Amino acid sequence: MDTSLIISLITGLVALAAGIFAGKVIFAKNTASKIEEAEQQARKIISEAKSNAETIKKERMLEAKEKFVQLKAEHDREVNEKNRKIADAEGRIKQKEQTINQKLEGLEKQTKENDSIKEHLNRQIEVVTQKRTELEKHQEEHIRRLEKIAGLTAEEAKTQLMESLKQEAHTKALSLQQEIIEDAKQRANKEARKIIIQSIQRTAAEQTIENTVTVFNLESDEIKGQIIGREGRNIRAIEAATGVDLVVDDTPEAIVLSSFDPLRREIARLSLQRLVADGRIHPARIEEVVEKTRRQIEEQVMEIGERTIIELGIHGLHKELVRVVGKMRFRSSYGQNLLMHSREVANLCGIMAAELGLNPKLAKRAGLLHDIGKVPDEETELSHALLGGKLAEKYGENPAVVNAIAAHHDEMEMQFVISPIIQACDAISGARPGARREIMQQYIQRIKDLENLAMGYGGVEKAYAIQAGRELRVIVEADKMSDNDSEQLSFDMANKIQNEMTYPGQIKVTVIREKRSVNIAR
């Protein structure tokens, strides 16, 4: 049993060994054949690579030779070009050398010629010097003979000759000077007329005469009864608060506001407009609305002043002067609206200054401010020109502007060039046909004098000249005056007006004394 097992194992081992050997033999054969095939392919690839390499090498050699030939040709061209330029430069240098040599030869010849000329000149100078000496001797001898004949020395004759020539030249100079002055005057007058005409033509006046009445339009005649009030108390309250005369007549749907002061008329118009729109019309409400309107007008005055200076291109004006410019809108001069007049003068001054080559902005500034003395907050003894100059100086205006304002009515010496321009433009604006009305200005001055006379008494709070100056309405302080004092004041004022003023017709003096007791319940 063991023997057969061992034999079986040995047989199996032998068979396994034989199989392994056979497999190795077969694998070796297959591997040898594959290696041989691979070697053949490698030899084939190597031969092909060698042939390709040879081909590429030949191509690269050919390309290199072509590039070399091309570069060599370019190099030869560059070398030839450089050689040509060098040859040209050498030729130019040789030519310049020849030219320089020729010039040097010419200079040498010229130097020799100059030496000969110099010698000739020296000989000529010697001859001239000798002749001059001889001439001086002859001249001295001639002068001595003339002195013997004339009985004068040479210095005396020279002095007389110079004196006669001087007098003759002076006479001719005076004659020529007079001709020049006459010609200059003619030219100056002609040029001045031309500039003034051009300035007037280029400035259009916006309006002429300012009226003294304002018409307040109503929606219906029923409102007239509300405005008049019970027994006329409302209309009296409006007149007392505003100083404007209300004329209620048969004119349909209209009430006329009459006053010489446009500012008062505007306050009265706006107050009436507010009262009518509100519907509550009674004395207390009237006083409240008038006071609010007065404050509103003050703001409007500043807006008008600011808009005016912006339109005229004027900058850096003091706020107080802006307010004065705005107040001009509610003032008139000989019936001519003061703001319109001042704007017109400013535009004329700017044009005229530009024509004369001066500063148009400075001239325009002086033209706008030239009549600020006509809008004083307080009455003064000074004329409006001098007062305006003081106001302009107070608020830091240019000295030229100050002088132009103060001197535009010849009340001060004109020290700057723009001063006569302001005077001329003021005259142009006022001299236009229809611009001013002398009677109107006299009337306004009489009304102002009437109010100022009343304000001169102690205890007077307000004074209004109404009814075209036929009535003076005076409001006194109840704490300072009794009823008897009021009657005496009315009598005194009437006598003073009668003795000191000139007026047509008669003037009624009404003194109003009103006692008010006000307490507030909290």
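Structure above, values below:
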quantity: Residues located in the range 467-516, provided they are in a loop (DSSP other than H, G, I, E, B) and either open to solvent by 100 Å² or more (accessible area, probe 1.4 Å) or acidic (Asp, Glu) (or both); calculated: Arg470, Glu477, Asp479, Lys480, Thr502, Gln506, Glu514, Lys515, Arg516
quantity: Candidates Glu393, Glu413, Glu381, filtered to the one that is of a type in the set (D, E, K, R) and either in a helix (DSSP H, G or I) or buried (at least 17 other Cβ atoms within 10 Å of the Cβ) (or both); calculated: Glu393
quantity: Counted residues, the range 289-298 - those being farther than 24 Å from Lys374 by Cα and either open to solvent by 40 Å² or more (accessible area, probe 1.4 Å) or in a loop (DSSP other than H, G, I, E, B) (or both); calculated: 2
quantity: Tally of residues being in a helix (DSSP H, G or I), more than 19 Å from Val401 (Cα to Cα) and among the charged types (D, E, K, R) across the range 324-346; calculated: 2
quantity: Boolean, Val301 is more than 30 Å from Val402 (Cα to Cα) and open to solvent by less than 40 Å² (accessible area, probe 1.4 Å); calculated: no
quantity: Subset of the range 317-330 that is among the charged types (D, E, K, R) and crowded, with 16+ Cβ neighbours inside 10 Å - its residue that is nearest to the chain's Cα centre (by Cα); calculated: Arg323
quantity: Only listed residue being within 37 Å of the chain's Cα centre (by Cα) and assigned to a helix (DSSP H, G or I), chosen from Ile286, Ile314, Ile304; calculated: Ile304
quantity: Residues being part of a helix (DSSP H, G or I) and either without any contact (Cβ under 8 Å) to a residue 12 or more places away in the chain or within 14 Å of Gln423 (Cβ to Cβ) (or both) - total across the range 347-358; calculated: 5
quantity: Any chance Arg436 is of a type outside the set (A, V, I, L, M, F, W, C), over 21 Å from Ser258 (Cα atoms), at pLDDT below 75 and not in a strand (DSSP E or B); calculated: no
quantity: Positions within the range 241-265 being assigned to a helix (DSSP H, G or I), open to solvent by 20 Å² or more (accessible area, probe 1.4 Å) and in contact with a Lys or Arg (Cβ under 9 Å, 6 or more places away or on another chain), in sequence order; calculated: Leu263
quantity: Of all residues making up the range 331-347, the number that are modelled with pLDDT under 85, open to solvent by 10 Å² or more (accessible area, probe 1.4 Å) and either aliphatic (A, V, I, L, M) or within 26 Å of Arg295 (Cα to Cα) (or both); calculated: 2
quantity: Out of Gly373, Gly367, Gly350, sole residue that is farther than 15 Å from Ile314 by Cα and open to solvent by less than 40 Å² (accessible area, probe 1.4 Å); calculated: Gly373
quantity: Residue within the range 113-132 that is surrounded by 10 or more Cβ atoms within 10 Å (Cβ to Cβ), among the basic types (Lys, Arg), within 60 Å of the chain's Cα centre (by Cα) and at pLDDT 75 or above present; calculated: no
quantity: Odd one out for Arg274 among (1) free of Cβ contacts under 8 Å to residues at least 12 places away in the same chain; (2) open to solvent by 80 Å² or more (accessible area, probe 1.4 Å); (3) in a helix (DSSP H, G or I); calculated: (1)
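The values are calculated or read from the model by the stated rules, or taken from the named source; none is laboratory data. Keep in mind the model is a prediction, meaning the values are calculated, not measured. Note that each Cβ is placed from the backbone with ideal geometry, even for glycine, and that neighbours are counted across all protein chains shown. Protein only, heavy atoms only, side chains kept; ligands, DNA and RNA dropped before computing areas. Shrake-Rupley method; radii C 1.70, N 1.55, O 1.52, S 1.80 Å.
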